[in-house]
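Visitor: Before I ask anything, let me first share the structure, which is written out below as structure tokens.
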Number of protein chains: 2
Amino acid sequence: MKITIADIARKAGVSKATVSRVLNNRPEGVGPETRQRIQDIVRETGFQPNSLARCLATGKSASVGVIIPDIVNPYYSLLVRGAEDTLKKAGYSLFLCNSDHNIVKEKEYVTVLIEKGVDGIILDSAESDCDCQLELLDDENIPYVLVDRIIEGPAKYPGVYVDNRQGGRLAASYLLSKPGSSLLFINGPLDYSQSRDRQNGVEDIVRENGLAESSVRIVYGDFSIESGYRLTKDLLSNHHPASFGSFPFTAIFTANDLMAVGALRALKKAGISVPEQVEIIGFDDIELATLVDPPLSTVSQPAFEMGARSAGMLCQMMAGRRPRTKTITLETNLIFRGTTRCKESGKNCFSVPGH
Amino acid sequence: MKITIADIARKAGVSKATVSRVLNNRPEGVGPETRQRIQDIVRETGFQPNSLARCLATGKSASVGVIIPDIVNPYYSLLVRGAEDTLKKAGYSLFLCNSDHNIVKEKEYVTVLIEKGVDGIILDSAESDCDCQLELLDDENIPYVLVDRIIEGPAKYPGVYVDNRQGGRLAASYLLSKPGSSLLFINGPLDYSQSRDRQNGVEDIVRENGLAESSVRIVYGDFSIESGYRLTKDLLSNHHPASFGSFPFTAIFTANDLMAVGALRALKKAGISVPEQVEIIGFDDIELATLVDPPLSTVSQPAFEMGARSAGMLCQMMAGRRPRTKTITLETNLIFRGTTRCKESGKNCFSVPGH
DNA sequence: TTGAAAGCGCTAACAG
DNA sequence: CTGTTAGCGCTTTCAA
């Protein structure tokens, strides 16, 4: 950071103000040949303005913070990618922050980001019942948009979500459509709003179709492959030992793909064929879903788009415009692959046999 | 960004300088009770110093840029995670930049980062024969460390790499250890230094053991699952059609895990059993490697550690110390899983049968 | 059309 | 121990 605007001004025999004007492409206030001369000098010298100084002067930093639980999780890395792409187009840089699902780290990051003078924040919060970070942001008047995880509170916060309840409905409604079907729902921890919503979705279906309570059993994993495996295996061994090769449910729905992969593995190991004997539907549609054998049917979440949309919304807010809508809810989609008997969304998979 | 150091100073009845001293925990120069009083006021008011202003004054920004090809690739996200963790500990924030393997974008980002006043840059470069970005950095006297990809040039650049040649040797030496073995090496594009090095490694083994040239065949994919699949399939169908269920090589080595997954799939589809008929070794050790069936044996790269080490090195440089070593080369490891007949590193898998 | 000057919020000598 | 005084590099009135 050697050469400054003052150097350019001196070389061009003008004032810093004039140089600043051409640097910022202000149409008025500079004669064409003066402008040209300055531009030439800038090019020759390879001068790069110090954006820190500019930010100090203007009060905006052209950077935003993105706080997510963990970039290593493909769902979040896709989301971040979506955000970065649209942010870059709008001229913003991105501070990446991994909270590890830890509300303390999350708050630390919010503080750091405020100090850095970010113009806005995209927050995938670690906790759904705590809005103290948001108070900070509100105090400082820094725009933010929530993503993925809903924070409950008196006020409605701007955010981009996916319709998790609808996703739950989609899966349950397919899996329970055939008479006599029964469902094992491996959900995530209930302190995630996503888990609660998805569960509401499957309960909707049970209720709306007047199904017996016993037709669905809900257990809780921790979103890991291992927990999906273990929970499924537990049911296999607790089941009557004589019935090796059978399973007490006709289908499994899991709150993410990783647990579905675990369940699939447990079933295969027990000699139960998928989807012939048991159908499986996951949630997320990560790349891995297409790579297991058979490829996993799943409820897809548009992670990239969520990142992009939240960034777009934030840009609006940073530009001073109130966004058109305070929250955006994206659709989920049921993707039929190899773990459901129905293989394509095109066919009418929901029709009850015999009708 | 409302309340400033001047406000605090006024409230405490001292000068800005004094407030600055306690803010920065300078031990000397402030009386204990003055210090206490100021700290109290800071706490009450929830004052957060503007780090932009601080940076302008000190000339350092406490942030570094990380440029990688694509955060969606699990290898890079792990690397970034490693960097972030150690950077955070040292008090730095991280600007994330995805270059998409595009040298133009990469240069853009280098420029942006310089303007942002980053204290340093970690660069996983998109091109191995272009060092013009580095000139920029050198001009500005901004420390940087290269990672993963070697940039050739007159000077040796500071960097953290993995011993790709050694990785190639490891795989080839196992795969070619048995008499009569032959190897299909599915490499990546040769304009990647990694590809060249890995190829050198397998060629080393051929030469050192006096094997026939024909014992290894090299083809080139693009690191995608699809290319691994296609390249393997080509060899299957070009092979004598009558010999369905056989393969012209006893083993496959691929330059990354994704292509190995593709190869595995092609083989399975052709009814060739892995590892009984053909052994496979990949490269990288991404999570997916453990999830395919059978789980993939592979040469592991310590992505997280590479990120962490490069960050550590950069911190040294940013602190003004020359790092102990200019380049760090990390070891690769051969991980035996299900696609090799040998299943554990513990056993002497390299012994020639009959000895 | 251009320049002078006053900051943006903080740090860092240098004096008291 | 504490205050004064300059800046850091750029933007932005307000005059000229």
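Visitor: Is it the case that residue A:4 is within 13 Å of DNA strand D (Cβ to nearest atom) and more than 14 Å from chain B (Cβ to nearest Cβ)? Talk me through it step by step, then tell me what you get.
Guide: Details: within 13 Å of DNA strand D (Cβ to nearest atom): yes; more than 14 Å from chain B (Cβ to nearest Cβ): no.
Spelling it out, it is not the case that residue A:4 is within 13 Å of DNA strand D (Cβ to nearest atom) and more than 14 Å from chain B (Cβ to nearest Cβ).
Visitor: Next up: Quickly run through the stretch B:169-189 and pick out the residues that are touching a Phe, Trp or Tyr at 6+ places or on another chain (Cβ under 8 Å) and more than 14 Å from residue B:280 (Cβ to Cβ). Walk me through how you get there before you give the answer.
Guide: Taking the stretch B:169-189 first, the residues touching a Phe, Trp or Tyr at 6+ places or on another chain (Cβ under 8 Å) are B:171-175, B:177, B:182-189.
Those that are touching a Phe, Trp or Tyr at 6+ places or on another chain (Cβ under 8 Å) and more than 14 Å from residue B:280 (Cβ to Cβ): B:173, B:177, B:187, B:188, B:189.
Here is a yes/no grid of residues against (1) open to solvent by less than 50 Å² (accessible area, probe 1.4 Å); (2) closer than 22 Å to residue B:88 by Cβ; (3) not hydrophobic (A, V, I, L, M, F, W, C):
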residue	(1), (2), (3)
A:53	yes, no, no
A:57	no, no, no
A:63	yes, yes, yes
A:76	yes, yes, yes
A:83	yes, yes, no
A:88	no, no, yes
A:93	yes, yes, yes
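Visitor: Now a separate question. Looking at the stretch A:16-62, which of its residues are aliphatic (A, V, I, L, M), away from chain B (no Cβ under 14 Å) and within 25 Å of residue A:117 (Cα to Cα)? Reasoning before the result, please.
Guide: Going through the stretch A:16-62, the residues aliphatic (A, V, I, L, M) turn out to be A:17, A:19, A:22-23, A:30, A:38, A:41-42, A:52-53, A:56-57, A:62.
Still in the list and also away from chain B (no Cβ under 14 Å): A:17, A:19, A:22, A:30, A:38, A:41.
The answer is A:17, and nothing else.
Visitor: Right, another one. If only one of B:335, B:328 is under 21 Å from residue B:256 (Cβ atoms) and buried (at least 19 other Cβ atoms within 10 Å of the Cβ), which one is it? Steps first, please.
Guide: Working: B:328 fails: under 21 Å from residue B:256 (Cβ atoms).
When all the criteria are applied, what remains is B:335.
Visitor: Additional query: Out of all the residues in the stretch B:98-112, which are open to solvent by less than 40 Å² (accessible area, probe 1.4 Å), more than 8 Å from chain A (Cβ to nearest Cβ) and outside any loop (DSSP other than H, G, I, E, B)?
Guide: Looking only at the stretch B:98-112, we keep the residues that are open to solvent by less than 40 Å² (accessible area, probe 1.4 Å), and these are B:98-99, B:103, B:106, B:109-110.
With the extra rule that they be more than 8 Å from chain A (Cβ to nearest Cβ), the set shrinks to B:99, B:103, B:106, B:109-110.
Result: B:103, B:106, B:109, B:110.
Visitor: Of the residues in the stretch B:26-58, how many are near DNA strand C (Cβ under 8 Å from one of its atoms) and part of a loop (DSSP other than H, G, I, E, B)?
Guide: Of the residues in the stretch B:26-58, 6 are near DNA strand C (Cβ under 8 Å from one of its atoms) and part of a loop (DSSP other than H, G, I, E, B).
Visitor: In the stretch A:271-301, what residues are within 20 Å of the chain's Cα centre (by Cα) and open to solvent by 30 Å² or more (accessible area, probe 1.4 Å)?
Guide: A:285, A:287, A:290
Visitor: Across the stretch A:63-97, what is the total count of residues that are facing chain B (nearest Cβ under 10 Å), among the aliphatic types (A, V, I, L, M) and outside any helix (DSSP H, G or I)?
Guide: The qualifying residues number 5.
Visitor: Something else: Take the residues in the stretch A:1-20 that are part of a helix (DSSP H, G or I) and near DNA strand C (Cβ under 7 Å from one of its atoms), then tell me which one is least open to solvent (accessible area, probe 1.4 Å).
Guide: Looking only at the stretch A:1-20, we keep the residues that are part of a helix (DSSP H, G or I), and these are A:5-12, A:16-20.
Pick out the ones that are also near DNA strand C (Cβ under 7 Å from one of its atoms) and you get A:16-18.
Details: A:16: 119, A:17: 49, A:18: 23 Å².
Looking at the filtered set, the residue picked out is A:18.
Visitor: Take the stretch B:164-204 and flag every residue that is under 23 Å from residue B:129 (Cα atoms) and assigned to a loop (DSSP other than H, G, I, E, B).
Guide: B:188, B:189, B:190, B:191, B:192, listed by residue number.
For (1) open to solvent by less than 10 Å² (accessible area, probe 1.4 Å); (2) in the same structural domain as residue B:96 (by the TED database); (3) not β-branched (Val, Ile, Thr), each residue gets a yes or a no:
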| residue | (1), (2), (3) |
| --- | --- |
| B:124 | yes, yes, yes |
| B:129 | no, yes, yes |
| B:134 | yes, yes, yes |
| B:137 | yes, yes, yes |
| B:140 | no, yes, yes |
| B:145 | yes, yes, no |
| B:152 | no, yes, yes |
| B:170 | no, no, yes |
| B:174 | yes, no, yes |
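Visitor: Given B:44, B:28, which one is open to solvent by 60 Å² or more (accessible area, probe 1.4 Å) and either closer than 20 Å to residue B:319 by Cβ or within 13 Å of DNA strand D (Cβ to nearest atom) (or both)?
Guide: Details: B:44 fails: either closer than 20 Å to residue B:319 by Cβ or within 13 Å of DNA strand D (Cβ to nearest atom) (or both).
Only one candidate passes the filter, namely B:28.
Visitor: State whether one or more residues within the stretch B:329-339 are of a type outside the set (Phe, Trp, Tyr), assigned by the TED database to the domain that holds residue B:223 and out of contact with any helix residue (DSSP H, G or I) (no Cβ under 9 Å at 6 or more places or on another chain).
Guide: no
The values are calculated or read from the model by the stated rules, or taken from the named source; none is laboratory data. Keep in mind that this is a model prediction, so the values were computed, not measured. Cβ atoms come from the backbone with ideal geometry, glycine included; neighbour counts cover every protein chain shown. Note: accessible area is taken over every heavy atom of the protein model, side chains too, but ligands, DNA and RNA are not part of it. Shrake-Rupley method; radii C 1.70, N 1.55, O 1.52, S 1.80 Å.
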